[in-house]
Each structure stands twice: as structure tokens, then as C-alpha cells.
Amino acid sequence: MAVYERLVLITLLCALTLSSARAAVVAAAPAVAAQGIASPIAASAPVVTPAPGDIATGEIYVSAEESGEVVVVDPGRGAVTARIPVGKRPRGLKLSRDGKLLYVALSGSPKAAPGVDESKLPPPDRTADGVGVVDLTTRKLLRVLPCGQDPESFDLSLDGKTLYVSNEETAEMTVLDLSGGGAASRKVPIGKEPEGVAVRPDGKVVYFTSEEESVVVAIDTVRLIELKRIPTGPRPRSIVFTRNGATAFVTDEFGGAVTVIDAVRHKASGAIKIVPKAKTVLGPRPMGAVLSPDGRQLYVSNGRGESVAVIDVAKRKLIRMIDGVGARPWGIGVSADGKHIFTANGPSNDSSIIDATSGAIEKRVPIAGAPWGLVVRDAR
């Protein structure tokens, strides 16, 4: 064999060996992440540039709390397509009514688990507090709106001109007038450690969860006064209204249940227990929730229970558990056609793409940066 031919053969063998090794690492990455082990794929979170037409399935936006970014995921390809720097500790996310902007809660408070002695934490950076405004066309942070101390979640008014923000450390709601440049127009005291925020579909009432007091506080959006405090299970997290606004579902992290509220009379009407199928150390810890597009099912992320619960809205009954979703799924969303569920899994640093019919985990997309919140934008 000629020297030239030998060189060509050696080059081809080396290329094949390298390709096989890289494929093996990529295939092993989800399993490694699921065990809580730092994966070279998860750590680097590769960014894939989408080909023309690949955005037909819409996009997923995930807040990465530790890396200070919003991560853009193409669910059709199961790949990260962009990482947008936004600021410190991004958590709650919400799309503008026209889908052109993304609002993200930013906090300068140090990250801490429940029960931690806050006096031993590093000092907060109050200049980092605010709601970031991201242009989804340019994928750039436009500005940060001051909105009080340690904002965590928020919701939009029906006309998209007002933001209702939960300020966890100061136990208050900040009202932002977006039509007036985003200035804070009012602050209203609410329950201690407020987190979840949801505007009723008629726009007349906004609900806030109080983690410490285990209540939901109902606020009149016109007069900005408290209407009622509604008892829930321990440590309520998020709120979802039915399409007609008659009922609200509240996830109770420490209660392992979902509180059902009559949203007209502002009164608890029952609870749905999340019964685990697979055994985990702490069991189900209901966190995020989202309705299916037809409004018939409620999907609940169960945090350290590593699962998603499926609830029949009409029957108010748990009908299925989807296990093995990821480590501590929190943020949760659903595709416009209702065929897929998406979760943000913090400790495993990934986002799961789940077949809503079979419950199969189709893919776990490495993200890195401690995923927290998640929203879905339909193809436009």
C-alpha cells in the first residue's frame, strides 16, 4: 500500500473513533444528569443554531437561576438554540400578550433553602432586583424595571399594561404600570413570603400564594384592596385558574396536595391528594402547574418527587403519575396542540420533553445553570 493511501486510511479511522466516542458521551448524558453527577454535556450546554423553518413547533424559555440567563430551547429538535444573559437569579417568567417580549423576575437576594439562617448568608445586591424585559426577536435584554425587593413571580393584566409582582422578602405586591414606562404605581401588603401569582381570567381579581402563612390572598385589581384570605395546604406555591375563572387550583408543596378554590366566593372547596406511584425520599412536592389547552387536565410538577401528576379537572381527581421526569421539576408548560409537556429540572440541569398521551420521557435536554421557570411560546 502506498504511503499516501496509508495516511488516508489512518485519518479515516481516527475520525470514526472520535465520532463514536462523542456519540457515546451524548447518549450517556441524560442518565448521568439524572443521578446528579456533573455531565460534560450538561456542563457545557451546547448551543445549536436552528435551520430555517425549525421554529415551527414554537420555543421554550427556561430561566437558569444560577447562571443568570434565559435559555431558549427548540422542542422539535430537543436542543438549546440560545442563552440570553439577563441578570441575577432569574426565576418567574411570563410572555407579553402579543408574544414579542418576555418578562423575567430578577433578584439580588442570595439563594437559600427553606429554614436557612439568613443572617449567615452573603449580603444582598438590591441593585439587581427587578423585572427584566427581553426582546424575543433580537434575543436581547432591553431593560430592567425596578419593582421592589426580591421579586419572584408575577402575572399580567388582561390588556397587558400592568404587572402584579410578588416581593417575597417584604411581603407585598408591587404594581407596575407598563404603559407608563414600567414605573411602580402602588405597593400592597399581602401574606408573608408571597410567591405564586395569577390573574383570574376576567381580570378583576389577582391571587397570591403566601408560603409562610399557607393562604391565598385575593386582591381586587381595580381598587387594589384585599378581598379575602383563603386557607390552603402547607406552603402553597403556584395558582392556575380554569378557563371560565370559576375554580382555582393551588399547589401545596409541603402538603403533597392541590387545594381547590371556589374563585367566585374565594373559598376552599376541597383538596386533591397527590399519591405517589414510585418511591422517592421526600415524595411528591407539588410546585408548578399548567392546564392542558382544552382545559380538561391539570399537569402538576412535583419537585423532589421527580414526577408530574395528571389531574382530571372536571372530576377533581388524580388520574396518572408520570415518574422519572428529572431532579426536582419546577417550571412546567404544555405545547399548543396538547401533545407534549415540558419541565424545568433544577438539580439535574435539564428540561424534559414528555409525551402527554403515553407519559414517555422523549428527551431530556441538557441546559445547565439550575433551571427554574419555564414558558412556552407557540409558533408565530
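No value in this document is a laboratory result; all are computed from the given coordinates. Keep in mind that this is a model prediction, so the values were computed, not measured. In this analysis, Cβ positions are derived from the backbone assuming ideal geometry, glycine residues included, and neighbour counts consider all displayed protein chains.
Taking a straight Cα-Cα cut-off under 21 Å and skipping sequence neighbours fewer than 8 places away in the same chain, the lysines within cross-link reach of Lys273 are Lys315, Lys317.
The share of alpha-carbon pairs in region 231-323 lying farther apart than 14 Å comes to 59%. Cross-link reach is defined here as a Cα-Cα straight distance under 18 Å, omitting same-chain residues fewer than 8 places apart; for Lys88 the lysines meeting it are Lys111, Lys140. For region 150-234, the Kirkwood hydrodynamic radius from C-alpha pairs, put into Stokes-Einstein at 25 °C and a viscosity of 0.890 mPa s, yields a diffusion coefficient of 196 µm² per second. Length gained on full extension, Gln149 to Arg243, computed as 0.36 nm times the residue gap minus the Cα-Cα distance: 30.7 nm. Region 204-230 and region 77-115 have Cα centres separated by 24 Å. Approximating the spin labels as points 7 Å out from Cα along Cα→Cβ, the Glu212-to-Lys339 distance works out to 4.7 nm.
If you stretched the chain out fully between Lys363 and Phe254, how much longer would it get, using 0.36 nm times the residue separation minus the C-alpha to C-alpha distance?
Details: separation 109, 0.36 × 109 = 39.24 nm, distance 2.88 nm.
So the chain would gain 36.4 nm between Lys363 and Phe254.
Put a plus charge on the Cβ of each Lys and Arg, a minus charge on the Cβ of each Asp and Glu, and nothing anywhere else: the dipole of region 104-168 about its Cα centre is then about 320 debye. Shown for Val216, Val116: other C-beta atoms within 10 Å of each C-beta, ranked fewest to most, produce the order Val116, Val216.
What length, rounded to one decimal in nm, is gained on full extension from Glu66 through to Val275, with 0.36 nm per residue of separation minus their alpha-carbon distance? Mind showing how you got there, number by number?
On the way: separation 209, 0.36 × 209 = 75.24 nm, distance 3.14 nm.
Contour length minus Cα-Cα distance gives 72.1 nm.
The calculated FRET efficiency for Asp98 paired with Lys120, based on their beta-carbon distance and R0 = 41 Å, is about 0.40.
With R₀ fixed at 30 Å, the C-beta to C-beta distance from Arg77 to Leu142 puts the FRET efficiency at about 0.65.
Using the Cβ-Cβ distance between Asp177 and Arg320 with R0 = 41 Å, the FRET efficiency computed as 1/(1 + (r/R0)^6) comes to roughly 0.45. Relative to one another, the C-alpha centroids of region 247-292 and region 355-377 are positioned 21 Å apart.
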